[in-house]
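**Student:** Sharing a structure with you now.
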Amino acid sequence: MKVLVVDDNEVNREILAELFEMENCQVFTANNGQEALELSISMHFPLILMDIMMPVMDGIEATKKIRQAQMQSPDKSFIVAITAMSSDSFASSYVEQGFDQYYPKPFNADDIEYILREVPDAWI
């Protein structure tokens, strides 16, 4: 599966990329929401992990634009909000903003396996 990891922190990108590669995923990375939008327009990613707070374009704006671009396409992405800010109120607001799921940082291998199982088969 192709996975896009979007985070302005290089260490976070590397850790997430390594965890997904251990699950036999093909991982692409982006530094901010603008890069993520451009990549998602040129290539289909069944799974996108999107940091919320980033320079240039934040994760919420990028997710809205990706959703808008995918309205005319049969290809959809399962977009997971990732952030260090964690609470139930954040989780529900991210889903309202267009994300499919929310996970607080830091991640572990069990989280990655669970996220991969959440992606609808039809989107892969």
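Throughout, read-outs are computed from the coordinates displayed, never taken from laboratory work. Every value quoted in this text rests on a predicted model; they were computed, and no experiment measured them. Heads up, the Cβs are rebuilt from the backbone with ideal geometry, glycines too, and the neighbour counts pull from every protein chain shown.
**Student:** Run the numbers on the stretch 2-123 and let me know its relative contact order in percent, using alpha-carbon pairs under 8 Å that are six or more apart.
**Tutor:** Here the relative contact order equals 24 percent.
**Student:** Another one. Where a ≥ b ≥ c are the square roots of the eigenvalues of the C-alpha gyration tensor, would you call the stretch 11-65 rounded, which needs a/c under 1.5, or, failing that, prolate if a/b is larger than b/c, or oblate?
**Tutor:** Oblate, because a/c is 1.5 or more while a/b does not exceed b/c.
**Student:** Next question, about the same structure. Work out the length of the dipole vector of the stretch 2-123 about its Cα centre, built from +1 on the beta-carbon of each Lys and Arg and -1 on the beta-carbon of each Asp and Glu, and round it to the nearest 20 debye.
**Tutor:** Result for the stretch 2-123 is approximately 400 debye, rounded to the nearest 20.
**Student:** With the dipole of the stretch 2-123 worked out from charges on the C-beta (+1 for Lys and Arg, -1 for Asp and Glu) around the Cα centre, which of Gln70, Met54, Val27 lies farthest toward the positive end?
**Tutor:** Farthest towards the positive end: Gln70.
**Student:** With charges set only on the Cβ (+1 for Lys and Arg, -1 for Asp and Glu), what does the dipole of the stretch 18-71 come to about its Cα centre, in debye to the nearest 20?
**Tutor:** 320
**Student:** Here's a follow-up. Helix check for the chain. Which DSSP H runs span at least 15 Å along their own axis by Cα, with a mean Kyte-Doolittle hydropathy no less than -1.0?
**Tutor:** Helices meeting the criterion: 10-21, 59-70.
**Student:** Turning to a different aspect of this structure: Straight-line reach from Lys2: which aspartates and glutamates fall under 12 Å, measuring Cα to Cα and dropping same-chain residues less than 8 apart?
**Tutor:** Reachable aspartates and glutamates: Glu21, Glu23.
**Student:** Moving on. Looking at (1) 41, 17, 12; (2) 28, 18, 11; (3) 18, 17, 15, which value of semi-axes √(5λ) of the Cα gyration tensor in Å comes from a calculation on the structure shown?
**Tutor:** It is the one labelled (3).
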